[in-house]
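The values are calculated or read from the model by the stated rules, or taken from the named source; none is laboratory data. Since this is a predicted model, take the numbers as computed values, not measurements. Glycine gets a Cβ as well: all are built from the backbone with ideal geometry, and neighbour counts include every protein chain shown. What goes into the accessible areas is simple: the full protein's heavy atoms, side chains included, and nothing from ligands, DNA or RNA. Shrake-Rupley method; radii C 1.70, N 1.55, O 1.52, S 1.80 Å.
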Amino acid sequence: MTKIGMTGEAQSRPRGRSFKGGLVAAFSLAALVWADVARADPRFDAFVRNMWPEARAAGISAATYNSVFTGMSPDPDTIRLMSAQSEFVKPIWDYLGSAVSDTRIQTGQRMLQEHAAVLREIEARYGVDRHAVLAVWGMETNYGGFMGKHNVIRALATLAYGAPRRQEFWRSELITALAILQGGHVRNEQMIGSWAGAMGHTQFMPSSWKQYAADYNGDGKRDIWTSVPDALASTANYLKEHGWQTGKTWGYEIKLPRGFDYSLADDSTTKTIAEWERLGIVRANGRDFPRADDRAVLVLPAGAAGPAFLMLRNFFVIKRYNNATSYALAVGHLADRIRGGNAFVGDWSREHLPLNKQQTIQLQTALNRKGFDVGNPDGLAGPATRKAIRAYQKSRGMIPDGYASVMLLARMQQGG
């Protein structure tokens, strides 16, 4: 194994005798001797050695570098998960059922009381609804109940070393994580997160921490791991900086009139609430919309057979945290339930199951063969695929909701 010297050069461990005195004595860092060579991964050791110049150029000291990499081996969970491809896609109704459970709502309401003063100050300081901040916390780590079990630097080093994709991204995140540690914001043993490096109470990647983390209590640290106020302020700052509109909600559950033009649910058609109302849209709970001039997009998370929503700007701000409609919907709904709101009115049509990646490739291939161009089949039902689905549905007299479902795939495979 090797270690990094104060000159910045990789130092070889002498063979055949204990590594005492000499270099280690000069550093007064006897604890930095590498772990048992027999347990080492030589290629990982080479990665650590070759990564050092990049870290040094970013201002990382040899002491910091050695302190975290001494004895480190790749994280086996990260190795296992970084290439895993799940074939199961949880339907949105199941996702929401667990994400916005009674227990999570009740815990959120308790946290609302427990951290009332901090949340009021955060809302005043950043202009972000306290219930939305709590909902992100609840979604990300169950209010700090589980922040991950992986050392962040080890996980990121494993990804930078062996990830099949985006290695430059992982290298950058690793360097940033080292800088966070060197800055004294957290101790290495407390720098815990997910297998992919998301950290702390509200699961920031190091780059997000660098740009958005906040020091709520003014102690000079932006501690999202052990300080709940810092973590919640960081989340509020993240949402604010991505365009959160103060005093406005994320969206509304709505009802569509008979004969509605479902092609308007295309992710890009934006109208004012007043314009949507003129098309016959009303709130599902029977209440009036509070502001007629708010601009909104019509979203059908499970197609025409499921509930429909008008999504405002704040919904898409939440998606900057996690770019999934199901996630942002869960955060918004959990925030409303913590506030005391009711469950959704509409029912999910559970037979319209979503497609996994392989099934989506099959659907895209079938659409291309029938002349509805989606481009190269990639297993991602993006705007081009939804546009092609709507065109196919229109050609067959179906409701053009653009929803990729198992039922739609079966119809196409049967020659429909």
Please name all residue pairs, on different chains or six or more residues apart, with Cβ atoms under 8 Å, provided the first residue is in region 46-73 and is among the acidic types (Asp, Glu) and the second residue is assigned to a helix (DSSP H, G or I).
Glu54/Arg171; Glu54/Ile175
Scan region 149-157 and tell me whether some residue there is of a type in the set (Gly, Ala, Ser) and buried (at least 23 other Cβ atoms within 10 Å of the Cβ).
yes
Count, please, the residues in region 295-342 that happen to be on the phi > 0 side of the Ramachandran plot and either hydroxyl-bearing (Ser, Thr, Tyr) or not in a loop (DSSP other than H, G, I, E, B) (or both).
0
I want to confirm something. Restricting to region 158-196 and keeping residues that are farther than 21 Å from Ala63 by Cβ and among the polar types (S, T, N, Q), which single residue is least open to solvent (accessible area, probe 1.4 Å)?
Thr158
When region 228-259 is checked residue by residue, the ones that are at pLDDT 95 or above, out of contact with any helix residue (DSSP H, G or I) (no Cβ under 9 Å at 6 or more places or on another chain) and assigned to a loop (DSSP other than H, G, I, E, B) are Gly247, Pro257
Within region 86-100, restricting to residues that are open to solvent by 30 Å² or more (accessible area, probe 1.4 Å) and under 23 Å from Ala305 (Cα atoms), the one that is modelled with the lowest pLDDT is Phe88
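Just name the residue that is surrounded by the most Cβ atoms within 10 Å (Cβ to Cβ) out of those in region 374-416 that are small (Gly, Ala, Ser) and within 20 Å of Val89 (Cα to Cα).
Step one: of region 374-416, the residues small (Gly, Ala, Ser) are 375, 379, 381-382, 384, 388, 391, 395, 397, 402, 404-405, 410, 415-416.
Cutting the leftovers down to within 20 Å of Val89 (Cα to Cα) gives us 379, 381-382, 402, 404-405, 410.
Numbers: Gly379: 16, Ala381: 21, Gly382: 13, Gly402: 25, Ala404: 20, Ser405: 22, Ala410: 11.
Step by step, filter region 374-416, then rank; the result is Gly402.
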Can you find a residue in region 168-182 that is of a type in the set (Ser, Thr, Tyr) and either within 24 Å of Val68 (Cα to Cα) or at pLDDT below 95 (or both)?
yes
Kindly indicate whether Arg43 is over 23 Å from Met191 (Cα atoms), surrounded by fewer than 16 Cβ atoms within 10 Å (Cβ to Cβ) and charged (D, E, K, R).
yes
Output the number of the condition that Ala366 fails; it satisfies all remaining conditions of (1) within 18 Å of the chain's Cα centre (by Cα); (2) in contact (Cβ under 8 Å) with a residue 12 or more places away in the chain.
(1)
Return yes or no: is Ala384 more than 23 Å from the chain's Cα centre (by Cα) and among the aliphatic types (A, V, I, L, M)?
yes
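Being farther than 27 Å from Gly306 by Cα, modelled with pLDDT of 95 or more and part of a helix (DSSP H, G or I) narrows it down to one residue among Ile79, Ile105, Ile122; which is it? If you could, list the steps in order and put the result at the bottom.
Working: Ile79 fails: modelled with pLDDT of 95 or more; Ile105 fails: farther than 27 Å from Gly306 by Cα.
The conditions single out Ile122.
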From the list Met199, Met205, which one is hydrophobic (A, V, I, L, M, F, W, C), open to solvent by 20 Å² or more (accessible area, probe 1.4 Å), under 23 Å from Asn142 (Cα atoms) and touching a residue at least 24 places away in the same chain (Cβ under 8 Å)?
Met205
Working only within region 298-326, note down all residues that are open to solvent by 10 Å² or more (accessible area, probe 1.4 Å) and either among the hydroxyl-bearing types (Ser, Thr, Tyr) or under 19 Å from the mean Cα position of the chain (by Cα) (or both).
Pro301, Arg313, Phe316, Lys319, Arg320, Tyr321, Asn322, Asn323, Ala324, Thr325, Ser326
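Residue by residue, here is whether (1) open to solvent by 60 Å² or more (accessible area, probe 1.4 Å); (2) in contact (Cβ under 8 Å) with a residue 12 or more places away in the chain; (3) under 24 Å from the mean Cα position of the chain (by Cα) holds:
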| site | (1), (2), (3) |
| --- | --- |
| Ala236 | no, yes, yes |
| Thr246 | yes, yes, yes |
| Thr249 | no, yes, yes |
| Tyr262 | no, yes, no |
| Ala274 | no, yes, no |
| Ile281 | no, yes, no |
| Asp294 | no, yes, no |
